[in-house]
Amino acid sequence: MSSTVGAVPPSAAASPPSSVPQHRRPSYRFGRWDIKYSPYLYIAPFFVLFGVFGLFPVLYTVYVSLFDYELLSGTKEFAGLENYRVLMADAQFWNAAYNTVGIFVLSTVPQLVVALLLANLLNRQMRARTVLRMGILIPNITSVAAVGIIFALIFADRYGLINWLLGTVGFDPIAWRDNRYASWFAISFMVDWRWTGYNALIYLGAMQAIPKDLYESAALDGASAWRQFWTITVPLIRPTILFTVVISTIGGFQIFTEPLMYGFGLVRGGADHQFQTLAMYIYEQTFTGNAEYGYGSAMSWLLFMMIIIFALINFALVRRSVKGEKK
Amino acid sequence: MTTAQTLPRSVAPPTPAPPRRRRGRVPGAQLWQASPLTYLALIMGSVLSVFPIIWSFIIASRDNSAVYEMPPVPGDQLFTNIDRMLANEDAAFVYGLVNSAVVSSVVTISVIFFSSLAGFAFAKLKFRGSNALLLVIILTMMVPTQLGVIPLYMMMVELEWTGTLQAVIVPFLVQGFGVFMMRQYAMSAISDELIEAARLDGCSTWRIYWNVVLPGLRPAAAVLGLLTFMQTWNEFLWPFIVLTPDTPTVQYSLKILSSGPYQTDYVALFAGTALATLPLLIVFIIFGRQIIGGIMEGAVKS
């Protein structure tokens with residue numbers, strides 16, 4: 001990356017060489033240079049800025065994770081894999097990992113399945129098409145912080161909307177925060193609410209690229225609408241489904257703001273950390289208390305590994321199951 | 001705006017099965033007509049989507065004693081609540097709104113500029129390694145950059161940028177998705193002949209970009225701009241880490257309102273969420289069609 005950037009000294013543009021006597025006008029030389037090298041100049045800002053503020057910090061996390069690094073006390077000592085060893089024995093880390101995976105599964109699977117079904121419904125000729133599409137997309141434009149605040153009240157234990165609804169049909173109220181799994185559900189519900197419509201539109205975009213005569217001939221063969229959905233639509237938008245699965249995995253494992261706001265802005269994630277996610281625990285270790293940068297970095301790096309592993313697993317799982325439907 | 005006419009290839013009606021040729025005989029034809037059940041399901045989905053937002057506006061208009069009252073009907077305290085919320089000096093809500101507007105605008109302009117520039121180069125200019133570099137850009141979309149916040153924060157401390165707006169602007173100036181989106185659009189929207197003609201007229205590559213390509217990319221740039229603006233406006237984690245309560249973005253102000261001593265003043269808090277959401281709601285209502293088109297467009301290409 002750096003070599004391509006280095007090959008184009010930006011100053012060359014400003015000073016066309018004039019010492020050599022020439023038959024052609026200098027602008028011709030500039031023109032040749034312009035055609036050959038200026039493309040690198042145009043893409044360089046992306047690579048430089050992403051390299052410095054995107055890629056470098058992620059990689060540098062590995063380096064920091066090898067140190068006993070505390071900003072407040074000024075400690076910085078090489079520690080090897082000590083941070084990782086401590087981490088493996090840290091019950092709160094495993095608790096956060098458990099919560100993160102649980103919330104991820106609860107929030108991603110229903111989200112993508114419902115999005116697929118919604119997209120299928122939207123993929124018709126209908127009135128008020130734009131209004132309905134806007135209707136399901138609108139949660140996506142609200143801020144995560146606002147969503148967290150709103151849903152914290154909807155899922156409030158004593159007078160919340162959901163418990164009120166449960167009460168009117170004769171159920172006992174649910175402890176939406178004290179119960180670990182209930183809190184996972186509530187947090188996942190927020191994520192689903194915010195992202196289902198967005199994914200549905202991505203699927204819809206892919207569905208509309210499918211040639212319609214495929215469906216016509218399937219219908220002539222007597223395939224039901226449901227069968228057409230599974231044997232034509234789903235296999236043909238498989239690349240898009242895989243894309244959303246990978247992107248959702250990457251995003252879902254980094255979940256931070258929803259559980260934070262759900263817990264009234266506290267990173268501990270409930271009295272017993274019952275809904276503290278890895279991103280919250282990283283924050284707690286790094287930006288509060290002793291500010292243990294090394295420890296937080298080790299955790300970040302493990303989370304990075306988890307994301308890669310789960311993204312690959314999910315990718316393989318979905319590819320396999322969707323392919324199976326085609327046969 | 002003219003964007004509506006030019007962009008929406010995918011927003012155009014989803015070409016239904018031609019009804020003329022074999023009318024009524026094909027069972028598949030009815031698949032493309034929405035049934036009442038379809039409408040019902042979609043309307044329910046929309047209601048479920050819109051309700052929490054409306055409900056939060058309703059609470060913002062009530063008195064604190066009536067927060068939990070059940071049929072959701074609005075109260076008459078909206079402006080009182082807004083006033084009290086704005087008067088809260090710790091949350092500095094107005095300052096947060098202004099900061100968010102500044103940050104989101106700068107980031108949006110920068111992302112449009114750099115994305116269209118690089119997208120143009122990838123779509124229309126020949127240079128060695130362009131395919132490999134494009135692949136790198138696509139891969140950057142997969143990097144969970146949030147996991148680099150600790151070194152990034154250390155960099156900001158080093159630069160003495162903590163608590164300043166450039167700390168939440170500079171790291172977001174470019175976006176892999178934007179480059180890719182602009183490249184895809186430029187491939188189909190800008191003809192090679194146009195660029196050749198401009199070259200023969202003696203235009204430098206920069207002039208071609210500025211005078212020929214950029215105007216042609218306007219529809220896609222508008223969509224990218226809308227998406228980027230909303231995303232930046234809603235950014236939470238990084239501003240929360242690197243900014244301080246006396247220089248908040250609007251999301252940070254909300255966080256202050258929702259915790260600590262103000263936590264119990266629900267109606268003021270909800271007045272805050274309403275005001276923080278309102279600008280985006282307005283943008284969405286005006287440009288919803290383009291935003292939807294942009295999201296669907298991305299799907300076909302990826």
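Every number in this text was worked out from the coordinates using simple rules, so none of it is lab data. Worth saying up front: this structure is predicted, and the values here are computed from it rather than measured. Reconstructed Cβ throughout: ideal geometry from the backbone, glycine too, with neighbour counts over all protein chains shown.
Check which residues have an amide H placed less than 5 Å from A:F67's amide H, if you skip close sequence neighbours.
Under 5 Å from the amide H of A:F67: A:A79.
Quote to one decimal, in nm, the extra length available between A:L317 and A:L220 on full extension: 0.36 nm per residue of separation minus the C-alpha distance between them.
Extending this stretch completely gives an extra 31.7 nm.
Sort out the exposed loop trypsin sites (Lys or Arg not before Pro) in chain B (DSSP loop, at most 16 other Cβ within 10 Å) and tell me the longest stretch that has none.
On the way: sites that count: B:R9, B:R20, B:R21, B:R22, B:R23, B:R25, B:K126, B:R128.
My reading of the result: B:129-302 is the longest stretch.
State, to one decimal in nm, how far the label point of B:E89 lies from the label point of B:Y39, with both points 7 Å from Cα in the Cβ direction.
5.7
How high is the FRET efficiency between B:T164 and A:T231 when r is their beta carbon distance and R₀ equals 51 Å, given to the nearest 0.05?
Details: r = 56 Å, r/R0 = 1.11.
Once rounded, the FRET efficiency stands at 0.35.
Across the residues of B:246-254, average count of Cβ atoms on other protein chains within 10 Å? Working shown, then result.
Values: counts 0, 0, 0, 1, 3, 6, 1, 1, 8.
So the per-residue partner count for this stretch is 2.
Check A:Q125: other-chain or 5+ apart residues with amide H under 5 Å from its amide H, H built from backbone geometry?
Close amide H contacts, sequence-distant or interchain: B:Q33, B:A34.
Aspartates and glutamates near A:K36 by alpha-carbon distance under 12 Å, same-chain residues fewer than 8 away left out - which ones?
Partners found: none.
Need one number: convex hull volume per residue for chain B, Cα atoms only, in Å³. Before the final figure, lay out each step's value.
On the way: hull volume 60.7 nm³, N = 302.
Taking only Cα atoms, chain B has a hull volume of 201 Å³ per residue.
Rounded if a/c is under 1.5, else prolate if a/b beats b/c, else oblate: with a ≥ b ≥ c from the C-alpha gyration tensor eigenvalues square-rooted, which is the protein assembly as shown?
On the way: a/c = 1.60, a/b = 1.12, b/c = 1.43.
Judged from the Cα gyration tensor, the protein assembly as shown comes out oblate (a/c at least 1.5, b/c at or above a/b).
Under a cut-off of 15 Å between alpha-carbon atoms, report the aspartates and glutamates in cross-link reach of A:K76, not counting same-chain residues fewer than 8 places apart.
The qualifying aspartates and glutamates are A:D68, A:E292.
On a C-alpha basis, how far is the centre of region A:74-136 from the centre of region B:218-244 in Å? Whole number, if you could?
Here the answer is 20 Å between Cα centres.
With 10 angstrom as the radius, rank B:W55, A:W301, B:W238 by how many other C-beta atoms surround their C-beta, starting from the fewest.
Numbers: B:W55 16, A:W301 22, B:W238 19.
Fewest-to-most ranking of B:W55, A:W301, B:W238: B:W55, B:W238, A:W301.
Span-like helices, chain A: DSSP H, alpha-carbon axial extent 27 Å or more, mean Kyte-Doolittle 1.0 or greater, which ones?
Values: long enough: A:26-50 (35 Å, 0.18); A:91-122 (46 Å, 1.34); A:180-207 (38 Å, 0.42); A:293-326 (49 Å, 0.89).
Membrane-span-like by this rule: A:91-122.
Defining a contact as two alpha carbons under 8 Å apart and six or more residues distant in sequence, what relative contact order in percent does region B:86-301 show? If you can, show how the numbers build up before the last one.
Values: 215 pairs, mean separation 76.5, N = 216.
Once normalised by length, the contact order is 35 percent.
GluC sites (Glu not before Pro) within region A:225-327: which are DSSP loop residues with at most 14 other Cβ atoms inside 10 Å? Don't jump to the answer; show the numbers that get you there.
Details: sites: A:E284, A:E292, A:E325; in loops: none.
Filter output for region A:225-327: empty list.
Quick one: order A:M299, A:M134 by neighbouring beta-carbon count within 10 Å, fewest to most.
Details: A:M299 28, A:M134 21.
With the sparsest Cβ surroundings first, the list reads A:M134, A:M299.
I need the calculated FRET efficiency for the pair A:A175 and A:T130, taking r as the beta carbon distance and R₀ as 51 Å, to the nearest 0.05. Provide the component values of the computation, followed by the final result.
Numbers: r = 41 Å, r/R0 = 0.81.
The value I calculate is 0.80.
Using the number of other C-beta atoms within 10 angstrom as an exposure proxy, rank B:T80, A:T249 with the fewest first. Each step should come with its number before you reach the end.
Numbers: B:T80 15, A:T249 23.
The most exposed by this proxy come first: B:T80, A:T249.
Which residues' amide hydrogens lie under 5 Å from the amide hydrogen of A:T75, considering only partners 5 or more residues apart or on another chain, with H built in the peptide plane?
Residues meeting the criterion, in which the H sits 1.01 Å from N, are A:E70.
Output wanted: per-residue J couplings in Hz (rounded whole) for region B:168-178, from phi through Karplus 6.51 cos²θ - 1.76 cosθ + 1.60, θ = phi - 60°, x for Gly and Pro.
Karplus values, whole Hz, x for Gly and Pro: 9, 9, 4, x, 10, 5, 10, 8, x, 4, x.
So what's the back-of-envelope 222 nm ellipticity for chain B, counting only DSSP H runs of four-plus at -39500 (n - 2.57) apiece and dividing by all residues, rounded to 500? Could the numbers behind the result be given before it?
Working: 13 runs with 188 residues, N = 302.
It lands at -20000 deg cm²/dmol.
Using Cα pairs under 8 angstrom and six or more residues apart, how large is the relative contact order of region A:159-239, in percent?
18
In nm, to one decimal, how far is the B:V157 label point from the B:L200 one, both placed 7 Å along Cα→Cβ?
Going from the B:V157 label point to the B:L200 one covers 6.2 nm.
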